[in-house]
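Just below is one structure, and these are the notes that go with it.
The values are calculated or read from the model by the stated rules, or taken from the named source; none is laboratory data. Just so it is clear, the model here is predicted, and its values are computed rather than measured. As a convention, Cβ positions derive from the backbone with ideal geometry for all residues, glycine included, and neighbour counts pool all protein chains shown. Protein only, heavy atoms only, side chains kept; ligands, DNA and RNA dropped before computing areas. Shrake-Rupley method; radii C 1.70, N 1.55, O 1.52, S 1.80 Å.
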Amino acid sequence: MEPSKKIEFPPVEWAARDGLLAMGGNLELETLLSAYQHGIFPWPSSDGFLLWFSPPKRAILEFSEFHFPKRLKQYLKKTAFEFRVNTNFKAVVEACARSKNRKKGEGTWILPEMVEAYSKLHEAGYAISFEAYNAADKLVGGLYGVKIANYFAGESMFYRESFASQFVMLQTVNYLASLGFTWMDVQVLNPHLQKFGVKEIKRALFLEKLNLILREIK
């Protein structure tokens, strides 16, 4: 029998103030699944160091608190965007890696080995992409993340046309809610996500919510 490639993480309570818990290891399927099931996620530095985080505060979106401007929702109904799920996962991840829509320095953590690792997660059924296509059938926006049971952790998103990312966000929440999801993990808070109703909760509460979802598969 082939030995497990999973690495063991220290307790999340050992994380530094910025959430840094560990360095090194690998991006094998078993390692990534173990990390997400314990509230840990990889965030490599731009110089290639593999870092693992479990922040003291976690950003989540409770679907019951999802805020989406009514005027924007009405506008999006008039757009020609088409929503699709999992039709071009790797293209979404690669587009997020190349995105110029972020501030300087952001996005560089999606290194080639990350693209490959999450593509393998997708093939194994543990990662999913949400996509927006325009009238010319071009991929113009997307979001991808990790899905384990009824837990979804959004990793990154991109857009190539105005309002495409808002369209994807709205449709993603609707899609997940239709499957019985009640919240999603967005890991780190930023002003853009805060507008949708994303909030921070303490790590202990986040882990309680996560364990409640995953209790049947652990």
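The table that follows gives values for the structure above.
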| read-out | value |
| --- | --- |
| Cβ charges +1 (Lys, Arg) and -1 (Asp, Glu), total dipole of the chain, debye | 980 debye |
| Distant-in-sequence amide H partners of residue 129 (H built 1.01 Å from N, under 5 Å) | 86 |
| 5 angstrom amide H check on residue 7, placed H, neighbours 5+ away | 31 |
| Accessible area of the range 102-181 belonging to carbon and sulfur atoms, whole % at 1.4 Å probe | 50 percent |
| Simple Cβ-charge dipole of the range 160-218, Lys/Arg +1 and Asp/Glu -1, about Cα centre, in debye nearest 20 | 160 debye |
| Fraction of beta bridges assigned by DSSP in the chain that are antiparallel (%, nearest 5) | 95 percent |
| Size of the range 106-187 as Cα extents on the principal axes (Å, biggest first) | 33, 33, 23 |
| Relative contact order of the range 108-218, defined on C-alpha pairs under 8 angstrom at six or more residues apart (%) | 19 percent |
| GNM result for the chain, Cα springs below 10 Å: residue of 131, 82, 65 fluctuating most strongly | 65 |
| Estimated 222 nm signal from helices in the chain, with DSSP H stretches of n ≥ 4 weighted -39500 (n - 2.57), rounded to 500 | -9500 deg cm²/dmol |
| Label-point gap, in nm, between residue 202 and residue 83 - each point 7 angstrom along Cα→Cβ | 3.5 nm |
